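Single-structure report; data block below.
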Protein chains: 2
Amino acid sequence: MIKPRTPPGIMELLPREQIAFQRMLDTIRRNYERFGFLPVETPVFELSETLLTKSGGETERQVYFVQSTGALANAKAAEAEAPAEGLPELALRFDLTVPLARYVAEHEHELTFPFRRYQIQRVYRGERAQRGRFREFYQCDIDVIGKDGLSTRFDAEILAVIHAVFSDLGIGEFTIQLNNRKLMRGFFEAQGVSDSEQQALVLREVDKLDKRGADYVRETLQGPDFGLPADAVQRILDFVEVRSTGHADAIAKLDTLGQGNPTLAEGVAELREVLQLVQALGVPESAYCLNFSIARGLDYYTGTVYETQLDAYPQIGSICSGGRYDNLASHYTKSKLPGVGISIGLTRLFWQLREAGLIAGSDESSVQALVALMDDASLADSLDIARRLRAAGINTEVQMEPRKLAKQFQYASRAGIRFVVLAGEDERARGAVTVKDLSREQQFEVKREELASSLKVELEQARALAGR
Amino acid sequence: MIKPRTPPGIMELLPREQIAFQRMLDTIRRNYERFGFLPVETPVFELSETLLTKSGGETERQVYFVQSTGALANAKAAEAEAPAEGLPELALRFDLTVPLARYVAEHEHELTFPFRRYQIQRVYRGERAQRGRFREFYQCDIDVIGKDGLSTRFDAEILAVIHAVFSDLGIGEFTIQLNNRKLMRGFFEAQGVSDSEQQALVLREVDKLDKRGADYVRETLQGPDFGLPADAVQRILDFVEVRSTGHADAIAKLDTLGQGNPTLAEGVAELREVLQLVQALGVPESAYCLNFSIARGLDYYTGTVYETQLDAYPQIGSICSGGRYDNLASHYTKSKLPGVGISIGLTRLFWQLREAGLIAGSDESSVQALVALMDDASLADSLDIARRLRAAGINTEVQMEPRKLAKQFQYASRAGIRFVVLAGEDERARGAVTVKDLSREQQFEVKREELASSLKVELEQARALAGR
């Protein structure tokens, strides 16, 4: 006998939680599709040479390699003679960006650009086992990829998608924080920090503001490692604390930056365009703000960058991040493919929401009705009732073996099934059924032929109330 | 520069095909949920000791092992001294049955039995690379798991699910072929073939009927290897050719078998019950038949077995198979967990349907409307129109940069987008928009505030026509 165990670092859900998780996945997908993004799925593994084009990063040290039994046997046989050269042929994807780059480069001539794609799949990282860190987790990504160029307008559209997704998920108020890498770069250059590595180091110090305080950061930046003049340091500290409140204030904050230098001016112009279109897209101004401290991956993003925070749970960190990049697939093609995209790490988000008590796991089941069974003689009748409910689009379970009615109600209640349908002898004689609505704690009798439509009305109402 | 390549043995789809594939997945899931099955997802890898409980099978030789970068480095370091002992810690799942067994055993006390679960995930097999054989493919499974016992009634429900799924998929007429392992076993025992291994060997010979003809099979079974009497062989050949046509004929075919021995009688009784309930579940009699040649995995299934054939494409083989088993998780728990289930291998089915020209890949896109862009000045207006359409649940793309109108129509047409919405200056002045319906080749003008509802009506009609 082997002890049944899930591998460490995995979030495996019970059915009730899986239903809640699936609803979130469906909501994200629905909103991605709403904005015209097309589905793509790539294999769980890529050729190692494809996946590991960049060398040395943190991510690469966490890669899972894959070997078929045959390859393994060969490797073992070869072991006695000489250590096997090179890496295994296959590796599990650690994000959806590298597979997207490979996909777009491979199918370049079969795709239409700008190419809007969404991809919702699991990715794999050999993280150190730790609470809330997962080795397998869902990423829900969208990207728009242009050929040679891509209008900044898409940066605004992406923001509107983030807004639509999180409004629809209904997990509380949130704010999409915006910045622009050109604006940052231009600003730092104006302060005499022109080297991008040096900028990254300054930003790392600035990140310590919350923990170590302004004095500590000021001293470091003025100290021997950086040697920045006091007034430049003050301007940097003021800059990274900029947060806008409302649309007009965001525009005003941009105006005060002036035209400094061409890079700064370009960044300001891009952000201004994004803000303007975001308004046209109907995103309420309470949902976004400027935050000049947001940098994201410095070596990757080149324009707009996004982070998203739950207003009531800032400690959760960014729940949806991304930005604009200059060239998606330089490792695989000579074509220049600029893009803009975001990613939602749903596994971690779900875990955090559950930890915060925001996912009850006591929602309604995906099963909407249970047809109770009074006795063996009425089974055929129960099956017929279920058939009609299903034909009307109602997810229905049948009690297949007789059991005390109280137990059947208890089961439905625990499982989160809203309706229990009963057809006793009396009701059958009247051509009727009794419905117990467990969510409203009501009971009513309805004609058989009207059962499905009356439950549908109730379910539609509930759906409308829940905003689904 | 690295050549972008998909690993061999993978079916990767372009967006249009992915939309068609996703529709099939959604249809399967919708029907599984309709019958009250609950979602389960398990990790892509399991602990090797969990996955490889049975030793030596074909499947095990095809297992993919997974190693993190750290483990690989350790293994290489250790190589010089001594060959690594044992297997890598993790392996990719090769089906959804072993993960289900582990899941049910691990969460036994948190689940309610009978436990109805569906699981739609990819599985991995190191198949020899070959046309139409895939190393990564979707399985879409349902199972009902009982504790200690499970009524035969569920066997009928599973058949009704198969019927619902393939009716809804709309890929042509199909027949669900039914048999029962007890009936088979009882019958073979009555012919003097009581050893189950021997039964398997006889069935393997019988499988050659199509290719080698009855005389060849007859000679083999009467020959030295089997030594069966001529009349027993004749009864076997007659038996495996039994196919029923219609419900009454199926019952009659069962009646003629008589009560032979207790095992046969039990199988007959089970099949009879299944047939009777299938009728109550509203499955038309044209959709199922008895086929006494169907055996499936002899060491696994113990009662009802199913195969499903497309009537017009029998050469595709079974597109949905499964059956009843006595004990799901004997490797992981002492609890007795009988079950019944089926699996649809959607990747292979999709590939076969495409090969047969049954999937055009020219279906409608998931994008339903394109808001055309006349000039830069009207962008904000386009975005506003799109916002209203999306709010009404219509998947909408906006042309973000001006382009010749003819190109915009061409794009929509090629992409399978049904509606193109235009708002020129004239229309704007009238508070109206023009809609081109590419599928009907019609054009109409509609008031702005009525646009969303009028497109919704059109889309609902199309959906109703398509039976979705």
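Results, tabulated for the structure shown:
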| item | result |
| --- | --- |
| Residue in the stretch B:411-422 that is at pLDDT 95 or above, in contact with a Gly (Cβ under 9 Å, 6 or more places away or on another chain) and of a type in the set (Gly, Ala, Ser) present | no |
| Some residue of the stretch B:147-154 being crowded, with 23+ Cβ neighbours inside 10 Å, within 14 Å of B:Ile319 (Cα to Cα) and under 20 Å from the mean Cα position of the chain (by Cα) | no |
| Within the stretch A:244-273, tally of residues that are touching a residue at least 60 places away in the same chain (Cβ under 8 Å) and more than 26 Å from B:Ala377 (Cβ to Cβ) | 6 |
| Unique match (being in a helix (DSSP H, G or I), over 14 Å from B:Leu183 (Cα atoms) and under 25 Å from the mean Cα position of the chain (by Cα)) among B:Leu271, B:Leu221, B:Leu275 | B:Leu275 |
| Residue list for the stretch A:257-288, filter: in contact with a strand residue (DSSP E or B) (Cβ under 7 Å, 6 or more places away or on another chain), crowded, with 21+ Cβ neighbours inside 10 Å and of a type in the set (A, V, I, L, M, F, W, C) | A:Leu271, A:Val274, A:Val278 |
| Residues that are more than 19 Å from the chain's Cα centre (by Cα) and either closer than 16 Å to A:Phe187 by Cα or touching a residue at least 40 places away in the same chain (Cβ under 8 Å) (or both), drawn from the stretch A:300-322 | A:Thr302, A:Gly303 |
| Subset of the stretch B:121-162 [among the hydrophobic types (A, V, I, L, M, F, W, C) and either outside the structural domain of B:Pro284 (by TED's automatic domain parsing) or out of contact with any helix residue (DSSP H, G or I) (no Cβ under 6 Å at 6 or more places or on another chain) (or both)] | B:Val123, B:Ala129, B:Leu150, B:Phe154, B:Ile158, B:Ala160, B:Val161, B:Ile162 |
| Members of the stretch A:362-411 that are more than 18 Å from B:Phe35 (Cα to Cα) and surrounded by 15 or more Cβ atoms within 10 Å (Cβ to Cβ) | A:Met374, A:Ser378, A:Pro402, A:Leu405, A:Phe409 |
| Qualifying residue in the stretch B:195-206 (condition: under 29 Å from B:Asp311 (Cβ atoms), touching a strand residue (DSSP E or B) at 6+ places or on another chain (Cβ under 7 Å) and in the same structural domain as B:Phe115 (by TED's automatic domain parsing)) | no |
| Selection count, the stretch B:95-124, where residues are more than 10 Å from every other protein chain (Cβ to nearest Cβ) and part of a loop (DSSP other than H, G, I, E, B) | 3 |
| Contacts under 7 angstrom Cβ, first residue in the stretch A:211-236 being in the same structural domain as A:Gly186 (by TED's automatic domain parsing), partner part of a helix (DSSP H, G or I) and loosely packed, with under 11 Cβ neighbours inside 10 Å, 6 or more apart | A:Gln222/A:Ala230 |
| Set A:Ser335, A:Ser293, A:Ser330: member being assigned to a loop (DSSP other than H, G, I, E, B) and free of Cβ contacts under 8 Å to residues at least 60 places away in the same chain | A:Ser330 |
| Condition broken by B:Val144, with the remaining ones in (1) of a type in the set (Val, Ile, Thr); (2) more than 8 Å from chain A (Cβ to nearest Cβ); (3) over 20 Å from the mean Cα position of the chain (by Cα) satisfied | (3) |
| Residue identified as over 16 Å from A:Ala386 (Cβ atoms) and surrounded by 10 or more Cβ atoms within 10 Å (Cβ to Cβ) among A:Ser439, A:Ser453 | A:Ser439 |
| Boolean, B:Gly192 is assigned to a loop (DSSP other than H, G, I, E, B), on the phi > 0 side of the Ramachandran plot and without any contact (Cβ under 8 Å) to a residue 24 or more places away in the chain | no |
| Only listed residue being surrounded by fewer than 17 Cβ atoms within 10 Å (Cβ to Cβ), touching a strand residue (DSSP E or B) at 6+ places or on another chain (Cβ under 6 Å), within 11 Å of another protein chain (Cβ to nearest Cβ) and of a type in the set (Asp, Glu), chosen from B:Glu127, B:Glu136 | B:Glu127 |
| Pairs, first modelled with pLDDT under 95 in the stretch A:385-402, second among the acidic types (Asp, Glu) and surrounded by fewer than 22 Cβ atoms within 10 Å (Cβ to Cβ), C-beta under 8 Å, six or more apart | A:Pro402/A:Asp375; A:Pro402/A:Asp376 |
| Near pairs, Cβ below 6 angstrom, 6+ apart or cross-chain, from the stretch A:1-21 (more than 7 Å from every other protein chain (Cβ to nearest Cβ) and within 14 Å of B:Arg117 (Cβ to Cβ)) to any residue that is of a type outside the set (Phe, Trp, Tyr) and part of a loop (DSSP other than H, G, I, E, B) | A:Arg16/A:Gly361; A:Glu17/A:Gly361 |
| Checklist (1) within 8 Å of another protein chain (Cβ to nearest Cβ); (2) over 22 Å from A:Phe113 (Cα atoms) applied to B:Gly357, failing item | (1) |
| Residues that are closer than 17 Å to A:Phe154 by Cβ and among the charged types (D, E, K, R), drawn from the stretch B:354-383 | B:Asp376 |
| Where a residue in the stretch A:439-468 is touching a residue at least 40 places away in the same chain (Cβ under 8 Å) and its partner, wherever it lies, is in a helix (DSSP H, G or I), with Cβ under 6 Å and at least six apart | A:Ala452/A:Arg388; A:Ala452/A:Leu389 |
| Enumeration of residues in the stretch A:148-160 that are farther than 18 Å from B:Leu373 by Cβ and either part of a loop (DSSP other than H, G, I, E, B) or at the interface with chain B (Cβ under 10 Å from one of its Cβ atoms) (or both) | A:Asp148 |
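Okay, residues lined up against (1) among the polar types (S, T, N, Q); (2) more than 16 Å from A:Gly322 (Cα to Cα):
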| site | (1), (2) |
| --- | --- |
| A:Cys140 | no, no |
| A:Val161 | no, no |
| A:Arg181 | no, no |
| A:Ser194 | yes, yes |
| A:Val202 | no, yes |
| A:Lys208 | no, yes |
| A:Ala214 | no, yes |
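The values are calculated or read from the model by the stated rules, or taken from the named source; none is laboratory data. None of the values given here were measured: they were computed from a predicted structure. Positions of Cβ are generated from backbone atoms using ideal geometry, with glycine treated the same way; all protein chains shown enter the neighbour counts.
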